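The values are calculated or read from the model by the stated rules, or taken from the named source; none is laboratory data. None of the values given here were measured: they were computed from a predicted structure. Reconstructed Cβ throughout: ideal geometry from the backbone, glycine too, with neighbour counts over all protein chains shown. Heavy atoms of the whole protein, side chains included, go into the accessibility calculation; ligands, DNA and RNA do not. Shrake-Rupley method; radii C 1.70, N 1.55, O 1.52, S 1.80 Å.
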Amino acid sequence: MSEQAGAEWDAEADHFDEAPDHGLRDPHVRGAWRELLIPLLPPPPARIADLACGTGSLSLLLAEAGHEVVGLDASERMLEHGRAKTRGLANATFVRGDAGHPALPSATFDVVLARHVLFLFDDPAAVIRAWARLLRPGGRLVLVEGSWSTGAGITAEECAAIVEASATGLVVVDLAARDELWGGRVDDERYLVVAEV
């Protein structure tokens with residue numbers, strides 16, 4: 001993402017956590033995300049790249065579960081929030097960078113996690129290949145995506161086709177009806193994709 005995109009997300013950072021599924025401030029929403037994600041991960045301490053991590057809410061959740069998490073985001077202001085949330089946790093670090101071309105070492109992560117970001121890139125297939133390169137053999141892609149009523153997003157069918165070109169064992173889980181993840185009812189397509197590299 002460009003410097004301009006980082007600046008745009010900087011402007012959103014102070015209010016980003018107001019959405020229930022962003023800030024995970026509600027214990028029920030937070031618990032729902034924990035119940036969704038933790039069983040999908042290898043036993044701790046797995047090394048996880050949380051790409052386009054925003055304010056680090058998921059990074060915090062995973063670090064608290066004993067995983068070693070590297071949160072990457074284009075927005076320095078978002079990262080400041082993530083660092084504040086994880087203060088005192090030695091297993092969570094945050095770096096500024098482009099989630100589409102993450103400058104992280106190849107073949108060093110057990111999991112690449114990304115939420116609601118793939119649709120922002122002009123070439124999502126190239127982005128998936130870049131993310132797959134970060135994974136050790138047998139590593140796992142965990143993507144939470146959606147196709148929103150605004151017209152933004154990527155459908156589960158489109159996402160699955162892109163991921164299948166770089167990974168195996170693909171599983172798609174519909175999340176739209178799981179109100180507890182979103183803090184209420186949603187009317188658009190939301191889903192989880194898990195695949196191994």
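Could you state the orientation-averaged shadow area of the convex hull built on the Cα atoms of the stretch 7-79, in nm² to one decimal?
4.6 nm²
Can you work out the accessible area per residue across the stretch 1-113, with the rest of the protein chains kept in place, probe 1.4 Å, in square angstrom?
Heavy-atom accessible area per residue stands at 45 Å².
Over the Cα atoms of the stretch 61-131, what radius of gyration and what Dmax do you get, in Å?
Expressed in Å, the Cα Rg and Dmax of the stretch 61-131 come to 12.7, 37.
Using Cα centres only, tell me the gap between the stretch 84-137 and the stretch 141-157 in whole Å.
Comparing the Cα centres of the stretch 84-137 and the stretch 141-157, I get a distance of 18 Å.
Got a sec? What order do Arg129, Arg185 fall in by accessible area at 1.4 Å, biggest, i.e. largest, first?
Output order, biggest surface exposure first: Arg185, Arg129.
Tell me the label-point distance for the pair Arg185, Thr168, using the 7 Å Cα-to-Cβ offset, in nm and rounded to one decimal.
In this crude label model, Arg185 to Thr168 measures out at 4.3 nm.
With labels modelled as points extended 7 Å from the Cα through the Cβ direction, what inter-label distance (nm, one decimal) is found for Thr155 paired with Asp26?
Output for this residue pair reads 2.9 nm.
Which value does Rg/Rh take for the stretch 1-125 over its C-alpha atoms, Rh per Kirkwood?
0.94
Among the trypsin sites (Lys or Arg not before Pro) in the stretch 1-73, which ones are in a DSSP loop with at most 13 other Cβ atoms within 10 Å of the Cβ? Mind listing them?
Taking the stretch 1-73 and a limit of 13 other Cβ atoms within 10 Å, the loop trypsin sites (Lys or Arg not before Pro) found are Arg25.
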